[in-house]
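**Student:** Dropping a structure here in structure tokens format, bear with me for questions.
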């Protein structure tokens, strides 16, 4: 089940409110503002999730933490954060280096775009050349994500971080990088399907 973000409140408000007061948890909640989702500050306030952007704009997702399985947050293009990542971000009191996540988010978005193209091509019939071209983009994004991950870990290990910050940030970096790895794995499956049926 998908839940689209439907703003409420007056047009001049800098806050967007979304209510998830239902009996069954949605699998995903779509956040229209990708920059807010991938670069905002997450805060847990009771059962609500508050995402605050650099410009002060807030999205309040009422009842977000009321479910056994926390819903994923995704952009309209498909990039997003799993419920597990959102849970960790919302309770982490330390500083999240958003600039570090920006490059990872860009690469994750590239990987998702390439994979979506491949799956759509698979459904409509395609040529191996189109699939290989998209797979090359996907492999490039995954390789770059590995390099970015190593650079982030190097900065983390040599930076002024406390032990608990180091552990939390390392886990978050690895979770984002694993998402790109999963896109690569799914892309490899699509290539095998096309090769088998060509």
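**Student:** Looking at residue 87 and the list (1) surrounded by fewer than 16 Cβ atoms within 10 Å (Cβ to Cβ); (2) under 24 Å from residue 182 (Cβ atoms), which single condition is not satisfied?
**Tutor:** Single failed check for residue 87: (1).
**Student:** Among the residues of segment 136-178, write down those that are touching a residue at least 60 places away in the same chain (Cβ under 8 Å), within 17 Å of the chain's Cα centre (by Cα) and over 16 Å from residue 100 (Cα atoms).
**Tutor:** Of everything in segment 136-178, nothing turns out to be touching a residue at least 60 places away in the same chain (Cβ under 8 Å), within 17 Å of the chain's Cα centre (by Cα) and over 16 Å from residue 100 (Cα atoms).
**Student:** Is it the case, given these coordinates, that residue 185 is part of a helix (DSSP H, G or I), in contact (Cβ under 8 Å) with a residue 40 or more places away in the chain and over 28 Å from residue 32 (Cβ atoms)?
**Tutor:** So residue 185 fails the test.
**Student:** Among the listed residues 172, 152, 195, which satisfies the condition of being more than 30 Å from residue 45 (Cβ to Cβ) and either surrounded by fewer than 18 Cβ atoms within 10 Å (Cβ to Cβ) or out of contact with any strand residue (DSSP E or B) (no Cβ under 6 Å at 6 or more places or on another chain) (or both)?
**Tutor:** From the options 172, 152, 195, the qualifying one is 195.
**Student:** A further question on this structure: Considering each of 110, 104 in turn, give the residue that is in the same structural domain as residue 175 (by TED's automatic domain parsing), in contact (Cβ under 8 Å) with a residue 60 or more places away in the chain and touching a helix residue (DSSP H, G or I) at 6+ places or on another chain (Cβ under 7 Å).
**Tutor:** 104
**Student:** Output the qualifying pairs, or none if there are none: Cβ atoms under 6 angstrom, residues six or more apart or on different chains, first residue in segment 64-93 and more than 15 Å from residue 26 (Cα to Cα), second residue part of a loop (DSSP other than H, G, I, E, B).
**Tutor:** 87/70
**Student:** If you don't mind, there's one more thing I want to ask. Do we find that residue 146 is assigned by TED's automatic domain parsing to the domain that holds residue 18 and surrounded by fewer than 17 Cβ atoms within 10 Å (Cβ to Cβ) in this structure? Steps first, please.
**Tutor:** Values: assigned by TED's automatic domain parsing to the domain that holds residue 18: no; surrounded by fewer than 17 Cβ atoms within 10 Å (Cβ to Cβ): yes.
Against the criterion (assigned by TED's automatic domain parsing to the domain that holds residue 18 and surrounded by fewer than 17 Cβ atoms within 10 Å (Cβ to Cβ)), residue 146 does not qualify.
**Student:** Of all residues in segment 28-54, how many are at pLDDT 85 or above and surrounded by fewer than 16 Cβ atoms within 10 Å (Cβ to Cβ)?
**Tutor:** Final tally of qualifying residues: 3.
**Student:** Another one. Can you tell me which residue among 51, 31 is touching a helix residue (DSSP H, G or I) at 6+ places or on another chain (Cβ under 9 Å), within 27 Å of residue 183 (Cβ to Cβ) and without any contact (Cβ under 8 Å) to a residue 40 or more places away in the chain?
**Tutor:** 51
**Student:** Still on this model: Can you list the strands (runs of 3 or more DSSP E) found entirely within segment 16-98 that contain at least 2 residues being within 18 Å of the chain's Cα centre (by Cα), within 27 Å of residue 111 (Cα to Cα) and not assigned by TED's automatic domain parsing to the domain that holds residue 116?
**Tutor:** The strands (runs of 3 or more DSSP E) meeting that bar are 28-30, 41-45, 48-52, 72-74.
The values are calculated or read from the model by the stated rules, or taken from the named source; none is laboratory data. Owing to the predicted nature of the structure, the values given are computational and were not obtained by experimental measurement. Every residue, glycine among them, receives a Cβ derived from its backbone with ideal geometry; neighbour counts consider all protein chains shown.
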